[in-house]
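The structure appears right after this line, and notes come after that.
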Amino acid sequence: MKRLLGFAAIAAAIGCAPAHAQFTDGIIKIGVMNDMSGLYADLTGPGSVVAAQMAVEDSGAAAKGLKVEVVGADHQNKPDIGSNVVRQWIDRDKVDVIVDVPTSSVALAVTEIVKEKNKVFLVSGAAASDLTGAKCSPNTIHWTYDTWALANGTGNAIVKTGGDTWFFLTADYAFGHALERDTAAVVEKNGGKVLGKVRHPFPGTDFSSFLLQAQTSKAKIIGLANAGGDTINSIKQAAEFGITKGGQNLAGLLVFISDVKALGLPIAQGLIFTEAWYWDMNDTNRAFAKKFAERNKGIYPSMIHAGVYSAVTHYLKAVSDLKSDGDGKAVVAKMKAMPTDDKLMGKGTVRADGRKIHPMYLFEVKKPQESKGPWDLYKLRATIPADQAFRPIGEGKCPLVGG
Amino acid sequence: MQRVASLQAVSYSERSRSGTVAFLVMVALLLVAPTVIYPLFLMKVLCFALFACAFNLLIGYVGLLSFGHALYFGWASYVSAYTAKAWGFTPELAILSGAATAAAFGLVAGALAIRRQGIYFAMITLALAQMMYFFAVQAPFTGGEDGIQAVPRGHLFGLISLADPMAMYTVVVVVFLACFLVIYRIIHSPFGEVLKAIRENEARAISLGYKTDRYKLVAFVLSATLAGVAGGMKAIVFQLASLTDVYWAMSGEVVLMTLVGGLGTVFGPVVGAFVIIAMQNYLAAFGQWVMVIQGSIFVACVMLFRRGVIGEIANLFGIKL
Amino acid sequence: MFEIFGIPSQALFGQLLIGLINGSFYALLSLGLAVIFGMLNIINFTHGAQYMLGAFCAYFVLTYAGLNYWFALVIAPIVVGATGVVIERVFLQWLYKLDHLYGLLLTFGLALVIEGVFRNYFGSSGLPYRVPDALQGGQNLGFMFLPNYRAWVVAFSLVVCLATWYLIERTRLGAYLRAATENPTLVRAFGINVPRMITLTYGFGVGLAALAGVMAAPIYNVSPQMGADLIIIVFAVVVIGGMGSIMGAIVTGFGLGVIEGLTKVFFPEASNTVIFVIMAIVLLIRPAGLFGRGT
């Protein structure tokens, strides 16, 4: 299918090349790559393609005479498949910008290729804060969220509301360690104390043993420095062992709307975590969500979908101002120079290190009796202003930042 | 596995002739291919073809089904990637260090696994591979889920830059052909004949005075080492080493490639690797359906054509390939 | 309260109990594998997928038919066992004359197909399944809070394991089964339908996997890949125990669960690998496995 789309694109390019000679092939081609059928399919998946298409439609590109095409591919969360797809997209199918890419391993691989080929990479799905830190690139913008923002938002808010003793349940691999380290730093900076931690194997299935250790520690907060299935199972088993009833609270450091959906409100209720966007915050979002769900098998948009919409919107603005999409570095530079403004994520900026800056929000999962519909899941606890939401630019060790 | 592998007896000259012709055809195809097919895809096929050939050395000629070959492939790719990136090894040294690691793991795992036969052998290799998978997840130098990224392709012998796809392709073809000939040589040596004797009837081989355990262990280590070369090469070509390569699904894939191509045929694994990688590449849009399709091919091969593509062709023409 | 190696004894008791719970799943699954292996000489790689099918079956029965956990406990093993019978008739029966490895390859392929299909339709994030009402809550044992459901899992799987052992080792039917594995031709000469017995045995083994799946559903989420990694650990358990005896499979399953539980306290980083390490040691000392009769 991907190949067919490629041919179609080339055919279209030949047809209209003379009119738009300023673009590489007369066509702006957006490649949305993510997990189309695995663990993150509901969170990113086909929904991100829909979001990108909606952004293209709303941008009025067609009226300006721009030809924009959106293609999608599945990386199955494997870096080798992902880098293969991206190389072929750029070499053969003339894709100009890669969007979304959840799973940090794949995103880190893609950022290297995109830099080498001088195209544009807009990350919405991946979490690794390294993308704007040690591994930042002049061709990459990290749009929606990152691990630092989640650790910071959740850690801060919880310590400030009295959750000052922590025990970490950490997935024993690089990602889990980083999440634990970032959160522990925030907790201690705010005067909280880390009483202990246990490293559980990744992926794990039975967390009861580790939860019991967390219980014995008498910490007020059990921080879950893990992701996906591990987080779901830890939350589920914490409920089973009466840990939440016993007065200890869980803090999810990487929780998404799809996880809450999978857990169900009776178990997930009371869980606190940070996200960048929620569909039920205002009328614009609600209208978008309704339109989106109609085109995406009834699944409501996640913050990652919103991020894709926002990123594509801004990209199209920059490209149509530049009247060129060939030089990836120039496009990203233009995107950094222009303030961002779109209907979902509002006004914001893109920093020199490639970090998109906007407010983050602290949510709490509703109790079953408070929920009025299948997607009525969160209530807003606090807003983290844009200038505090992300890692200060100097601390990321990004080589692009002078000094 | 004897029922698959034993083909009709053919005269030696005829056998070597058909083999030589097939080999020359393969070399010719490899020379022409990059003008028609995307080179990166070809390099991927060749890495897996070598991996499958190494695996086939065990199952096809000793009758041992290893369900844990991802261990050697994946760990070699980690070591090659790490030495190339962190210690600045040249590509050939990086691949060699990967292969050496695979050989060492092969020695340990092989010594344990050959203590049992048949299905147990398969389960033990699988379990040991899974154990090393968990180590790969936890070990700091592998980068956990992120893997080792941005591995430099470097300069061959410190001289020739491999950043150019054609230079890289040439290296991959040369390494592949060299290892292929090594495997061919092993199979047709007196040592290889003993291996086949063990496959057909181990008890008889023992009664003839062969220390079969030693033969099996040597074959196991050779197979692991060559799988390591394939893994190391893949890390350099794709500039990436990741958990995918050590996961048990990878062990399953190499079994599938060999089965599709033809167990116990020299050229089968190469054809099988091409078929499976092409399928994965062009069906990538179907996502998880690839898994279902692979599973169905497994079932179809076991039920309907146990000889595989090359095995069926060889059988049809009464030649040995 | 006293301490053992710096760990409070109460925590230790808790962990032992939890180990026993995980052990029940290992025991049930390795028991099923052993029963199938004994009769068919096939390592059933599909076992993990069938465990997953059991959990999904419980979910379907609840969602689409409104029947609760207790019905699922009966229905799932029968339904999934029936699919096992179909698999045996359509595929496996043609392979007995071939090398045993083909059985492994075939069941591996089937496992991929089943898991892949479920991933496509249900995604990978998993579906929630509630603990049955009668087993909500738990007991405070002083040293730990034991959820009623977990206690039930241990007790029930012990009963199932022992019943299976009794069936095979102590009844007339079991005697036929054992005789048929030793010498099928002779047993057939006595007028017993051996092929049908083989089919039903496979169905029974698969049913055990499905039963484990139903029991797992309220603890872990119901998800397509729940069986894939578990089955490899169970393979290691089987290698350690040796597949010679039914009792061996049961004892090893529970025992390894406990050992794994203790590792989680003393050296949590190694808890994923400890079973494999034990396997390597057992292979060095007793290649045939703890309860094995040689290969």
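Residue check: is C:ILE36 in a helix (DSSP H, G or I), away from every other protein chain (no Cβ under 11 Å), buried (at least 24 other Cβ atoms within 10 Å of the Cβ) and touching a residue at least 60 places away in the same chain (Cβ under 8 Å)? Yes: the conditions hold for C:ILE36. Strands (runs of 3 or more DSSP E) fully within the range A:139-225 that include at least 3 residues being among the hydrophobic types (A, V, I, L, M, F, W, C) and crowded, with 24+ Cβ neighbours inside 10 Å: A:165-171, A:221-225.
The residues of the range C:13-31 that are crowded, with 24+ Cβ neighbours inside 10 Å and in contact with a Phe, Trp or Tyr (Cβ under 8 Å, 6 or more places away or on another chain), listed by number, are C:GLY14, C:GLY23, C:SER24, C:TYR26, C:ALA27, C:LEU29. The condition of being under 30 Å from A:ALA174 (Cβ atoms) and surrounded by fewer than 24 Cβ atoms within 10 Å (Cβ to Cβ) holds for only one of B:TYR184, B:TYR169, B:TYR247, that being B:TYR247. Test C:GLY244 against the stated conditions and say whether it is surrounded by fewer than 23 Cβ atoms within 10 Å (Cβ to Cβ) and either away from every other protein chain (no Cβ under 12 Å) or acidic (Asp, Glu) (or both). The answer is no for C:GLY244. Number of residues in the range B:41-69 that are in contact with a Lys or Arg (Cβ under 8 Å, 6 or more places away or on another chain) and modelled with pLDDT under 95: the value is 5. Sub-6 Å Cβ pairs linking a first residue in the range C:139-160 that is at negative phi and polar (S, T, N, Q) to a second residue that is part of a helix (DSSP H, G or I) and buried (at least 19 other Cβ atoms within 10 Å of the Cβ), at least 6 apart or interchain, are C:SER157/C:SER24; C:SER157/C:LEU28, ordered by first then second residue. Going residue by residue through the range A:143-150, is there one that turns out to be more than 13 Å from chain B (Cβ to nearest Cβ), more than 16 Å from the chain's Cα centre (by Cα) and within 27 Å of A:ILE243 (Cβ to Cβ)? No: the range A:143-150 contains no residue that is more than 13 Å from chain B (Cβ to nearest Cβ), more than 16 Å from the chain's Cα centre (by Cα) and within 27 Å of A:ILE243 (Cβ to Cβ).
Hey, does the range C:186-207 have a residue that's part of a helix (DSSP H, G or I), in contact with a Pro (Cβ under 9 Å, 6 or more places away or on another chain), away from every other protein chain (no Cβ under 14 Å) and within 30 Å of A:LYS236 (Cα to Cα)? Yes, because at least one residue in the range C:186-207 is part of a helix (DSSP H, G or I), in contact with a Pro (Cβ under 9 Å, 6 or more places away or on another chain), away from every other protein chain (no Cβ under 14 Å) and within 30 Å of A:LYS236 (Cα to Cα). Scanning the range C:60-87 for residues that are surrounded by fewer than 21 Cβ atoms within 10 Å (Cβ to Cβ), more than 20 Å from C:SER157 (Cα to Cα), in contact (Cβ under 8 Å) with a residue 24 or more places away in the chain and not polar (S, T, N, Q) yields C:LEU62, C:ALA82, C:VAL85.
Of the residues in the range C:221-237, at least one is surrounded by 24 or more Cβ atoms within 10 Å (Cβ to Cβ), in contact with an Asp or Glu (Cβ under 8 Å, 6 or more places away or on another chain), closer than 17 Å to C:ASN22 by Cβ and within 14 Å of chain A (Cβ to nearest Cβ). Apart from one condition, C:VAL117 fits all of (1) more than 19 Å from B:GLN294 (Cβ to Cβ); (2) within 9 Å of chain B (Cβ to nearest Cβ); the exception is (1).
Within the range C:17-30, the residues that satisfy the criterion of being aliphatic (A, V, I, L, M), farther than 13 Å from C:LEU158 by Cβ and in contact with a helix residue (DSSP H, G or I) (Cβ under 6 Å, 6 or more places away or on another chain) are C:ILE18, C:LEU29.
Scanning the range A:266-283 for residues that are surrounded by 21 or more Cβ atoms within 10 Å (Cβ to Cβ) and either within 14 Å of another protein chain (Cβ to nearest Cβ) or not acidic (Asp, Glu) (or both) yields A:ILE267, A:ALA268, A:LEU271, A:ILE272, A:PHE273, A:THR274, A:ALA276, A:TRP277, A:TYR278, A:TRP279.
The values are calculated or read from the model by the stated rules, or taken from the named source; none is laboratory data. Worth saying up front: this structure is predicted, and the values here are computed from it rather than measured. So basically every Cβ, Gly included, is an ideal-geometry build from the backbone, and we count neighbours across all protein chains shown.
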